[in-house]
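Have a look at the structure below before the remarks.
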Amino acid sequence: MDLLISLIINGLATGMLIFLLAAGLTLIFGLMDVLNFSHGGLFVWGAYTGVFTYIITESFIVGIMVAILTGMVLGFLMEKLIITPVYGNHVQQILITLGFMLVLQEMIKVVFGPNAIPVKVPDYLAGSWEMGEVIIIKYRIFIIVVGFIVFGVFHYILTHTKIGLIVRAGVMNKEMVQALGINIKKVFLFVFMTGAALAAIGGMLMAPYSGSIYAEMGMEFAILGFIVVVIGGMGSFSGSLLAAILVGLAGSFMAYYIPFLSLAVNMILMAIVLIFRPQGLFRMAKE
Amino acid sequence: MMESLLKLHNIQTHIGQFHILQGIQFEARVGEVSVLLGRNGAGKTTTLKTIMGLTPASSGSITFLNEEISKKPTYEIANTGIGYVPEDQGIFAQLTVEENIKVAMRKETSEAFERQEYVLTLFPDLKKFWKKAGGNLSGGQKQMLAMARAFVNDSKLLLIDEPSKGLAPIVVEKVMEAIMEMKKRTTIVLVEQNFFMASRIGDTFTLIDDGRTVHTGAMNELISDDAMKHKYLGIG
Ligand SMILES: Nc1ncnc2c1ncn2[C@@H]1O[C@H](COP(=O)(O)OP(=O)(O)O)[C@@H](O)[C@H]1O
Ligand SMILES: [Mg+2]
């Protein structure tokens with residue numbers, strides 16, 4: 001029982017981190033039809049700028065805020081300079097965003113140094129609760145709670161505000177949205193910057209969870225993010241949460257019970273979904 | 001002669017390497033219904049898309065309210081006061097009827113809500129299915145929703161592409177009545193293959209063939225010109 005609970009909590013926490021990365025990815029794909037392989041760069045830049053701020057100011061919260069800011073600024077520049085010129089061309093998108101991903105990753109080493117940097121959980125989130133046999137690590141719960149809050153806030157925005165409505169409508173039919181008088185480029189930029197900020201938060205939250213940050217962490221997580229986008233259905237926000245949790249849990253359980261499969265399990269999950277539901281679990285029907 | 005609202009002059013449009021429109025001209029005057037006629041594949045839909053900037057013209061001019069709009073992006077064209085009802089209706093399938101209209105409503109003013117109320121009296125079905133997903137509506141209801149969406153803003157011009165397509169005769173009748181009502185408040189450019197409907201609603205016609213305007217005039221002329229109807233529309 002105690003084992004089960006800790007595997008679940010572990011899986012949920014990992015799932016939430018992947019969700020933060022995948023949420024932006026799926027909306028960017030769904031709305032803008034853009035394959036953004038440099039999304040992981042936002043994750044790692046969020047982690048580094050946030051962690052350095054955290055180390056200097058000794059405030060984890062300020063660190064998170066700086067990570068968000070980094071995500072938004074980088075997102076803005078990326079959309080304007082890298083993405084705008086390649087709208088509508090997938091091959092160019094893959095090449096330029098993959099290239100930019102490597103640039104972002106190498107820049108980390110140039111700016112912050114090549115070595116992994118250890119990160120501690122802030123005091124007030126450190127330690128664990130003991131409930132009988134079960135040990136619950138506080139920081140994991142923190143990640144899960146933040147993940148659900150982010151999901152709740154954005155789900156509300158998507159379903160209850162005008163801009164959210166426009167984003168959803170844009171995922172279904174871009175041309176029509178423009179023909180109704182909406183400047184979709186502005187909406188794109190908004191979504192891109194929001195997605196970038198979410199990825200940066202993910203990176204920052206990841207840092208104390210894994211105990212250290214390193215330049216390649218972005219690439220590693222971006223791959224999980226892409227798997228989640230495919231499983232959840234490209235363009236589906238709720239789908240990305242569900243798929244991220246699934247991937248997180250599968251990874252956590254496999255790592256314990258069948259360790260040699262723990263890396264392959266995500267690929268297997270993706271293959272199963274692609275065979276039985278190629279549009280993903282939640283793919284929106286395009287009108 | 002009434003005031004000119006929209007004027008297309010020698011419009012050429014390319015889609016990819018295809019030269020689709022090769023000289024479209026016509027004029028829509030305030031308060032009139034101008035009907036675009038022509039065989040399947042003649043270029044009627046492309047003409048409307050070109051006005052909306054969705055397939056921008058490669059040359060020629062489009063003036064709306066005495067302003068050149070052919071180089072503007074689609075959203076700006078819409079915001080100059082043009083409502084568009086595409087051939088496939090462009091309903092947001094997963095949004096409800098209410099949300100579809102809400103996306104379209106540019107300013108949530110009391111005037112806009114009055115127009116919404118008015119449009120719902122034209123299409124009571126929409127009110128009945130207010131919370132239903134657009135994708136689950138019948139063909140006729142989708143058509144009505146698309147028209148309501150275009151009408152809810154204070155559009156000076158509506159572009160409506162084949163509203164009767166694929167609808168049962170009794171539904172066509174309803175749609176036609178609604179267009180007649182809308183006509184009292186706004187100017188309309190209508191693509192319509194159903195000649196009976198076109199001739200009853202239209203004030204003027206423009207005949208398009210192979211991407212070119214071949215004739216334009218008062219609807220009455222066409223009604224009595226059997227030779228022209230036969231040549232370009234295959235009727236009469
Ligand atoms: N996206 C496109 N690519 C290539 N050809 C197109 C495209 N859209 C329309 N066409 C061609 O342009 C011509 C005019 O089409 P359209 O404007 O839809 O005609 P209509 O509405 O009068 O039936 C047709 O020959 C059609 O095949
Ligand atoms: Mg057509």
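Hey, which aspartates and glutamates would be in cross-link range of A:K109, C-alpha to C-alpha under 17 Å, not counting anything within fewer than 8 residues on its own chain?
A:E216, A:E220
Mind checking the mean number of beta-carbon atoms from other chains within 10 Å of the Cβ atoms in B:74-81?
Averaged over the peptide's residues, the number is 5.
Give the cross-link partners of B:K229 among the aspartates and glutamates, using a straight C-alpha distance below 13 Å as the criterion and excluding same-chain residues fewer than 8 apart.
In chain and number order, the partners are B:D209, B:E221.
How many partner chain Cβ atoms sit within 10 Å of a residue's Cβ in peptide A:160-168, on average, as a whole number?
Mean shielding count: 2.
Arrange the peptides B:183-190, A:43-50 so that the one whose residues have, on average, the most other Cβ atoms within 10 Å appears first.
A:43-50, B:183-190
Apply the Karplus curve 6.51 cos²θ - 1.76 cosθ + 1.60, θ = phi - 60°, to the phi angles in the stretch B:169-175 and return the couplings in whole Hz, x for Gly and Pro.
Each residue's phi maps through the Karplus curve to give x, 5, 6, 4, 4, 4, 4 Hz.
Within the set of other residues whose C-beta is less than 9 Å from the C-beta of B:S61, count the net charge using Lys and Arg as +1 and Asp and Glu as -1.
Net charge in that neighbourhood comes out at 0.
So which aspartates and glutamates pass the test for B:K132, namely a Cα distance under 14 Å, with those fewer than 8 places away in the same chain ruled out?
Leaving aside aspartates and glutamates fewer than 8 places away in the same chain, those within reach of B:K132 are B:E98, B:E99.
Label 7 Å along Cα→Cβ of A:I5; the stretch A:228-267 residues with amide nitrogen under 14 Å?
No residue passes the distance filter.
Taking a spot 7 Å from the Cα of B:H9 along the direction of its beta carbon, which residues of the stretch B:59-77 have an amide N less than 13 Å from it?
Backbone N within reach: B:60-64, B:66-70.
Binned at 20 Å from 0, what are the whole-percent values of the Cα-Cα distance distribution for the protein assembly as shown, short to long?
21, 43, 26, 10, 1
What does the accessible area per residue of the protein assembly as shown come to in Å², with a 1.4 Å probe and no ligands, DNA or RNA counted?
Ligands and nucleic acids excluded, the result is 43 Å² per residue.
Which entries in the list A:K174/B:K102; A:K174/B:K107; A:K185/B:K102; B:K142/B:K184; A:K80/A:K120; B:K71/B:K142 go over 27 Å, if you measure between the two C-alpha atoms of each?
Over 27 Å Cα-Cα: A:K80/A:K120; B:K71/B:K142.
With a/c under 1.5 counting as rounded, go ahead and sort the stretch A:1-123 into rounded, prolate or oblate using the C-alpha gyration tensor (a ≥ b ≥ c being the square roots of the eigenvalues; past the cut-off, prolate if a/b is larger than b/c, else oblate).
Verdict is oblate for the stretch A:1-123.
Viscosity 1.002 mPa s, temperature 20 °C: what is the translational diffusion coefficient of the stretch B:112-231 from Stokes-Einstein with a Kirkwood Rh over Cα pairs, rounded to a whole number of µm²/s?
138 µm²/s
The values are calculated or read from the model by the stated rules, or taken from the named source; none is laboratory data. This one's a predicted model, so the numbers in the text were calculated from it and none came from an experiment. Neighbour counts are summed over all protein chains in view; Cβ atoms, including those assigned to glycine, are modelled from backbone coordinates with ideal geometry. These area figures cover heavy atoms from the full protein model, side chains too; ligands, DNA and RNA do not enter into them. Shrake-Rupley method; radii C 1.70, N 1.55, O 1.52, S 1.80 Å.
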